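A quick write-up on the structure given underneath.
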Amino acid sequence: MGEHLIKMPDVGEGIAEAELVEWHVKVGDLVREDALLAAVMTDKATVEIPSPVNGEVLWLGAEIGDVVAIGSPLIRLQVAGGEGASSGSDKTEKAAEAPARSGEIEAQGDGAVRTSEAIIEQQAREAPPPRPVEAKQSPAVRMHRPPVAHTDNAKPIASPAIRLRAREAGVDLRQIPGTGPAGRITHEDLDAFLTHGPQVARAPGLIQDTSVQHIKVIGLRRKIAEKMATAKSRIPHITYVEEVDVTALEDLRTALNAKKRTDRPKLTILPFLMRAMVKAIAEQPNLNATYDDEAGIVHQHGGVHIGIATQTGSGLMVPVVRHAEARDLWDCAMELNRLAEAAKAGLATREELGGSTITITSLGAMGGIVTTPVINHPEVAIIGVNKIVVRPVWDGSTFIPRKMMNLSSSFDHRIIDGWDAAIFVQRIKTLLEAPAMIFVEA
Amino acid sequence: MKDISCKLLVIGAGPGGYVCAIRAGQLGLDTVIVEERKPGGTCLNVGCIPSKALIHAAEEYDRIVHLASGKNPFGIKAKKPELDLSQTIAWKDNIVGRLNSGVSSLLKRAKVKMVQGRARFRDGKTVEVETETGRQVIHADNVVIATGSAPVELPNLPFGGSVISSTEALALTSVPERLVVVGGGYIGLELGTAFAKMGAKVTVVEAQARILPQYDAELTRPVAKRLQALGIEVMTHAKAKGLAKAGGMLLVETESGSEVSLAADKILVTVGRRPVTQGWGMEELVLDTDGPFIRIDERCQTSMRGIYAIGDVTGEPMLAHRAMAQGEMVAEIIAGHKRAWDKRAIPAVCFTDPEIVAVGLTADEAHKAGIEVRAGHFPFSANGRAMTKLGEEGFVRVVARADNHLVLGIQAVGQGVSELSAAFGLALEMGARIEDIAGTIHAHPTQGEAFQEGALKALGRELHI
């Protein structure tokens, strides 16, 4: 019998560490060669680690959510016969570097990793929802003493120090069930009250649920969290909301959809918006940019690569319609549909999920009246689409029903002045309200 | 005289008033305190402190008298001592004087302005003070009334001549041969005992069935016993009717309804204290009252905004330490802190012989409140330290809830037990259970062990009895 050590493989991209997002095995499990042991995630890719040998799992080197350095011991297997061996980073480097197409899983030999680029969503598809860590027992539970409610109007039992703290925090101690001896209110009881607020008065048949689930923020959720935190903390947002009369646009869209060729996709409002944005950007190219604030450089792009914020089963993703300036309406619509489906199915490639220069966010029918979109860092602008509603509009002599839609857009105020932002949105509004202009060459 | 404006004006520099002013000064409030007499109030000038000085001197004297009698077990031989009461009083006055200047310097350090004279409200925000140099008008955002209390006078026995209050009793320069004490409360008994020890023939006239009627009989029994041993005659169910026409005699109606006359060189009337609600312009204000007292809420606020009242003028228990705690609290409230009266225990101490301490509820009081109790009672006769002090009289009693053992009250009677009040008060204030007291190591050999043993006994696991 020997031991086989598996190290965190180098999954490429020049990265130094990867996040363990899933264990497929536990200590004591028997694994066959090629059986999946674990999934790790880098910036863009989830990588499955298969077992190079048959064996029994002796030891796991990390917990889910841990960020593990490349080359660190990850798993120890007990293998039958022979000398123990080690596999990991050195052997797999090549495998990871091999180009891979969307959705493909390349199986390598002994000690290889299966890697699929840009399969964040694959992880999401395959991984179970993050496991709730067992709730830590509250002091009350630990003491195995039911809190004593102060039923009589006796003064609550608490030391002067606790009474003073409560007084200063504006807390009436009679609300707090004491867990100490004789129902004494402890500092912990007060802390708990200050943290969690008053316990709901107990009605017959209803039971307080004091459980707390501790859910590790891992995988895609962690990436989203980091990205949002970066965007919100680094970018001073300015949000501008304008309403757009889309009655004419909706008429056009309905007519086009009614007479479209069968091989063409059904048009939503987004392809029109994309084309309008292309036109507006032609006049204000500084909106189509990424800002490297560390280097102090704004990269103003010629190509209009429009990110489409898309809700998938595992969270928010932003597939990118590349070179919208070179696509007509139908092409935009086709590409949009393809990407959205790919993203939702978890088949979008890393390239398709990055490289945008401006982003659209739309919640469709859930669009609400106003949103405050978060800029897709390091871009400088995001256009938010709110829902279309029929509203009475005064035309000068009477109220007429019009299909109205708000655009809620945010801009990086370091780069884009409010004036420029307004001009940009007004330009898009003009185009959308008279949609023929979208298709007329200036 | 130029008017003064301030954030806080305190009327009366007794324990409540001066503590309030010091705390306010510490908190940066622009504070003025007005006192007609010397700082320190009743407590420091004519109450707690001088009486304790006199009691101590009397004890010292009595001890030597006892030693000189040859009946002491220590094998000490001593000659009959002599007492120069005027010198005792001078010593006491010196202590009081030191404390007066101590309070003054504390006020000064806290940057409190002191104005001497009698204060009188002009309205709720304005007070006039008759000072030696003229009328001083003070405008204040907040006023704290801390005018204290004064001895109650009996209508048929007005103070004057041989009829004295505790104030005069603490300034006597010779020991009266025959002293009649009207009122067997703690003030009368403390002073009566002291004078008896100093050689006076003391008679206590108490209208109720027993002395110290606010305490239970078990607690007062060692005191009654000691009074008897000191040759103090206690007349209960007896009413002082007035001075006999002949003079030097007090007419007393006894329990049977007959009238006797008691020869007396001094008649000390200690039938209680009344709040001082007159002479400072209370009639200019609209203050709700609670019996003879000013009504206050849990923040010591009166019925008028910006006017607070603390101490004896606000009601029972009329104790200096209650007033001090109120004063401190009010200063913090005026400084904007969130405070309210939430004290669990105000210890009461009688410096009788032996001393009595009571904190919280007795077993009887708890029963009346419908609470099941378990109590533990530990006698000093089983306490080594008490034995070595010749102080075996008395006990410590711990009263707790039967259901959860929360300590409800602690009482003790015995030599020097006043110092145990700190431990008793802390136990109640912290919400101790009897297990907490039983589980605390109490130093040996001390009288404090009786506290722990009392707790153990309440738990049914006493060790030393």
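Coordinate-derived values only; no laboratory data. Model, not experiment: these values are computed from the prediction. With ideal geometry, Cβ positions are generated from the backbone for all residues, glycine too; neighbour counts draw on all protein chains shown.
Rg to Rh for segment B:299-438: what is it, with Cα atoms only and Rh by Kirkwood?
Radius of gyration relative to Kirkwood radius: 1.05.
Where both residues lie in the protein assembly as shown, what percent of DSSP beta bridges are antiparallel, nearest 5?
70 percent
Starting from the Cα of A:Lys387, step 7 Å along the direction of its Cβ; do the same at A:Trp419; then give the gap between the two resulting points in nm.
Spacing of the two 7 Å Cα→Cβ label points: 3.8 nm.
Just to check I understand the Karplus step: with θ = phi - 60° and J = 6.51 cos²θ - 1.76 cosθ + 1.60, what whole-Hz values come out for segment B:119-129, glycine and proline as x?
Rounded to whole hertz, the list is 8, 8, 5, 8, 8, x, 10, 10, 10, 9, 10.
Identify the residues of segment B:414-456 with backbone N under 20 Å of a label point that sits 7 angstrom from the Cα of B:Met387 along the Cα-to-Cβ direction, or state none.
Taking a point 7 Å out along Cα→Cβ of B:Met387, the residues of segment B:414-456 whose backbone N falls under 20 Å are B:414-417, B:442-456.
To make sure I understand, if each residue's beta carbon is the centre and we count other beta carbons within 10 Å, what order do B:Met304, B:Met198, A:Met8, B:Met1 fall in, fewest to most?
Listing B:Met304, B:Met198, A:Met8, B:Met1 from fewest to most nearby Cβ atoms yields B:Met1, B:Met304, B:Met198, A:Met8.
How far is it, in nm, from the label point at A:Gln208 to the one at B:Ser261 when both lie 7 Å from their Cα along the line to the Cβ?
In this crude label model, A:Gln208 to B:Ser261 measures out at 7.4 nm.
In 20 Å bins starting at 0, how do the alpha-carbon pair distances of chain B split up by percent?
Going out from 0 Å in 20 Å bins, chain B shows 22, 51, 25, 1 percent.
Say R0 is 25 Å: what FRET efficiency, to the nearest 0.05, do A:Ala80 and A:Glu17 get from their beta-carbon distance?
Efficiency, rounded to the nearest 0.05: 0.20.
Using the beta-carbon distance between B:Trp91 and B:Ser303 and R0 = 56 Å, what value does 1/(1 + (r/R0)^6) give for FRET efficiency, to the nearest 0.05?
Step by step, r from the Cβ atoms, then E = 0.80.
Please report the base-10 log of the normalised intensity I(q)/I(0) for segment B:163-271, using a Debye sum with one equal scatterer per alpha carbon and no solvent, at each q in 0.12, 0.21 (1/Å).
So the normalised log intensities are -0.36, -1.11.
Arrange the following residues from fewest to most other Cβ atoms within 10 Å of their Cβ: B:Glu453, B:Glu59, A:Glu22.
Lowest to highest Cβ neighbour count: B:Glu59, A:Glu22, B:Glu453.
What is the mean projected area of the alpha carbon convex hull for segment A:235-439, to one decimal in square nanometres?
Spelled out: convex hull of the Cα atoms, projected over all directions, averaged, 12.2 nm².
So what are the ³J(HN,Hα) numbers for segment B:393-402, from phi and the Karplus equation (6.51, -1.76, 1.60; θ = phi - 60°), rounded to whole Hz, Gly and Pro as x?
Calculated HN-Hα couplings, in order: 6, x, 6, 10, 10, 10, 10, 9, 5, 6 Hz.
Of all GluC sites (Glu not before Pro) in segment B:271-302, which ones are in loop regions per DSSP and have a Cβ with at most 11 other Cβ atoms within 10 Å?
Sites meeting the loop and neighbour criteria: B:Glu298.
Considering only DSSP states other than H, G, I, E and B, which GluC sites (Glu not before Pro) in segment B:339-411 qualify as loop sites with at most 11 other Cβ atoms within 10 Å?
Passing both the DSSP loop test and the Cβ count: B:Glu372.
Considering the zone a paramagnetic label at A:Trp394 would reach in this model (a point 7 Å from Cα along the Cα-to-Cβ line), which residues of segment A:408-442 have amide N under 11 Å from it?
No residue passes the distance filter.
Under the classification rounded if a/c is under 1.5, otherwise prolate if a/b is larger than b/c and oblate if not, where does the protein assembly as shown fall, given a ≥ b ≥ c as square roots of the Cα gyration tensor eigenvalues?
prolate
Translational diffusion coefficient of segment B:281-352 at 37 °C, 0.692 mPa s, Stokes-Einstein with Kirkwood Rh over Cα pairs, in µm²/s as a whole number.
252 µm²/s
Describe numerically, in nm with one decimal, the distance between label points set 7 Å from Cα along Cα→Cβ at B:Asp141 and at A:Glu341.
So the label points at B:Asp141 and A:Glu341 sit 7.4 nm apart.
Taking a virtual spin label 7 Å from the Cα of B:Asp288 along the C-beta vector, which residues in segment B:318-333 bring their backbone nitrogen under 20 Å of it?
Taking a point 7 Å out along Cα→Cβ of B:Asp288, the residues of segment B:318-333 whose backbone N falls under 20 Å are B:330.
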